[in-house]
Amino acid sequence: MFFFKMKLGGVYMLKKSNELLKEKHPIIWVLETFWGWISSFFEGLIILLMSFLVVMTFVKVFYRYVLNNPITWASELSRYLFVWITFLAAWFVFKKRGHLGLDVLVIALSESVQKVILRVGELIILVFLLFVLKITPDFLDMTFCQTSPSLGLSMKYIYASFPVFSILVIGEILLGWINPERISFETTYKEIKTNDKVN
């Protein structure tokens, strides 16, 4: 019951924050709304791909061990689905700030120092991903003629999963910088500190 109330309270606070953002920073609100649509699409895509992967795995096992007639392309398709799911899920976890990290020292520091360290970390990620995006077109051109053995699918569609992941993470970082009300690493660390004090 407490968890349910807490969730309702979180939804109310989110709506309240959204209304305040619309009044104070309309341009940022438009960006956040647009990015929210993009995020919703890719979150739905993760669910769709995961569901399809589960079904494909079941069908593959059924045909191989029950009908003794394995589907040759099923394993290949499952691998490629898993590649896309991996990168999209990595973006989703980054969005929720759920990746594992050695944050013992960071939490012990003052909030101002935490902010500097976390922004530097985001900057390093941003520079790396921008570099990846810069060389991506040349890489995809090289893989244009490569096709998968069973499906005959161009490998550029598989390798495109990382650039998509990069764009999504870059968007999360930039929105976190321009929107002061956005949930970020800072709020995550504050929650951890608060929970430590309570416990």
With each pseudo-label sitting 7 Å past Cα toward Cβ, what's the residue 34-residue 94 distance in nm, one decimal? 2.0 nm
Quickly work out the residue 82-to-residue 150 label distance, labels modelled 7 Å from Cα along the C-beta direction, and quote it in nm with one decimal. 1.2 nm
Fully extended contour minus Cα-Cα distance, from residue 59 to residue 120, at 0.36 nm per residue: 17.3 nm
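Bear in mind these aren't lab numbers, they're just calculated from the coordinates by the rules spelled out. These figures come from a predicted structure and were not determined experimentally. Note: ideal-geometry Cβ built from the backbone for every residue, glycine included; neighbour counts use all protein chains shown.
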